[in-house]
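Chemist: Shown below is the structure under consideration.
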Amino acid sequence: MQDEHPARPTKQDDAPAASAAEAPVSEPQAAQPPDGTDTASDEAPAASPDELRRQRDDYYDRLLRATAEFDNFRKRTDRERRELAEHAARDLLADLLPIVDDLERALAAEADDGEVYRRGVEIIYKQLLELLSRHGVAPIEALGANFDPNLHQAVMHEPSDTHRDGEIVEEMRRGYMLRDRLLRAAMVKVAKA
């Protein structure tokens with residue numbers, strides 16, 4: 001059975017250490033840091049060529065995977081954006097179809113009275129404006145307003161003594177906003193005082 005106790009020091013180990021003056025002179029030692037660590041052991045040993053190749057292949061594989069993931073992400077977001085736009089367009093077109101049906105009925109009707117025909121067109125026009133309003137489209141009120149190049153497109157200038165300079169005196173084509181963005185600028189005639 002082995003003794004589990006550590007070995008006892010021998011008489012030689014009990015001898016006092018030689019003084020620094022008696023120590024043999026050796027080659028000068030490199031300065032060591034104050035914490036007592038050896039600077040030579042801090043430097044990592046050079047990696048073998050096989051290890052470098054393995055690391056290179058690993059990094060290259062990671063690069064290929066990241067590039068493929070980004071490409072897939074870009075394609076997926078493009079597809080989702082396209083599908084969302086198609087869905088929005090489909091909803092708008094589905095809402096327009098009843099108005100097209102009303103226009104077809106109006107054209108097929110045999111109306112000798114122009115006033116009845118006009119009332120039918122006005123009803124369809126109101127339906128269309130309500131549909132546009134439900135989808136966030138609002139007309140730009142231009143007549144009498146000051147000219148704003150962000151909302152209006154001036155196609156004519158007219159000298160006028162009765163209107164202020166830059167006032168819109170005629171709207172040639174109505175402009176529309178889609179929520180807070182310009183959908184189409186209003187074509188207007190602007191007064192020059």
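The values are calculated or read from the model by the stated rules, or taken from the named source; none is laboratory data. No experiment lies behind these values; they were computed from the predicted model shown. Using ideal geometry, Cβ is built from the backbone for each residue, glycine included, and neighbour counts are taken over all protein chains shown.
Chemist: Here is a check on your reading of the model: is GLN153 without any contact (Cβ under 8 Å) to a residue 40 or more places away in the chain, polar (S, T, N, Q) and either touching a Cys at 6+ places or on another chain (Cβ under 8 Å) or under 25 Å from ALA89 (Cβ atoms) (or both)?
Modeler: No, not satisfied.
Chemist: Please work out which residue is farthest from GLU130 (Cα to Cα), limiting yourself to segment 149-169 and to residues that are within 31 Å of the chain's Cα centre (by Cα) and assigned to a loop (DSSP other than H, G, I, E, B).
Modeler: Per the stated criteria, the residue is PRO149.
Chemist: Next up: I'd like the full set of residues that are assigned to a strand (DSSP E or B) and in contact with a Pro (Cβ under 9 Å, 6 or more places away or on another chain), limited to segment 170-193.
Modeler: If the condition is that a residue be assigned to a strand (DSSP E or B) and in contact with a Pro (Cβ under 9 Å, 6 or more places away or on another chain), then TYR176, MET177, ALA186, ALA191, LYS192 are the ones that fit.
Chemist: Tell me, yes or no, whether segment 139-148 has at least one residue that is in contact (Cβ under 8 Å) with a residue 40 or more places away in the chain, outside any helix (DSSP H, G or I), within 23 Å of MET187 (Cα to Cα) and among the small types (Gly, Ala, Ser).
Modeler: Yes, that holds for at least one residue.
Chemist: Of all residues in segment 144-164, which are of a type in the set (A, V, I, L, M, F, W, C) and either exposed (fewer than 14 other Cβ atoms within 10 Å of the Cβ) or in contact with a helix residue (DSSP H, G or I) (Cβ under 6 Å, 6 or more places away or on another chain) (or both)?
Modeler: VAL155, MET156
Chemist: One residue is enough: does segment 78-85 have a residue meeting the conditions assigned to a helix (DSSP H, G or I) and either assigned by TED's automatic domain parsing to the domain that holds VAL190 or β-branched (Val, Ile, Thr) (or both)?
Modeler: Of segment 78-85, the ones assigned to a helix (DSSP H, G or I) are 78-85.
Narrowing further to those that are either assigned by TED's automatic domain parsing to the domain that holds VAL190 or β-branched (Val, Ile, Thr) (or both): none.
No, segment 78-85 contains no residue that is assigned to a helix (DSSP H, G or I) and either assigned by TED's automatic domain parsing to the domain that holds VAL190 or β-branched (Val, Ile, Thr) (or both).
Chemist: Something else about it: Given (1) at pLDDT below 85; (2) surrounded by 13 or more Cβ atoms within 10 Å (Cβ to Cβ), identify the lone condition not met by LEU107.
Modeler: Every listed condition holds for LEU107 apart from (2).
Chemist: Mind telling me which of the residues GLU130, GLU122, GLU167 ends up being acidic (Asp, Glu), surrounded by 15 or more Cβ atoms within 10 Å (Cβ to Cβ) and out of contact with any Pro (no Cβ under 6 Å at 6 or more places or on another chain)?
Modeler: GLU167
Chemist: Would a scan of segment 171-192 turn up a residue that is touching a helix residue (DSSP H, G or I) at 6+ places or on another chain (Cβ under 8 Å) and at pLDDT 90 or above? Break it down stepwise before answering.
Modeler: Going through segment 171-192, the residues touching a helix residue (DSSP H, G or I) at 6+ places or on another chain (Cβ under 8 Å) turn out to be 176.
Subsequent filtering for residues that are at pLDDT 90 or above retains 176.
Within segment 171-192, one or more residues are touching a helix residue (DSSP H, G or I) at 6+ places or on another chain (Cβ under 8 Å) and at pLDDT 90 or above.
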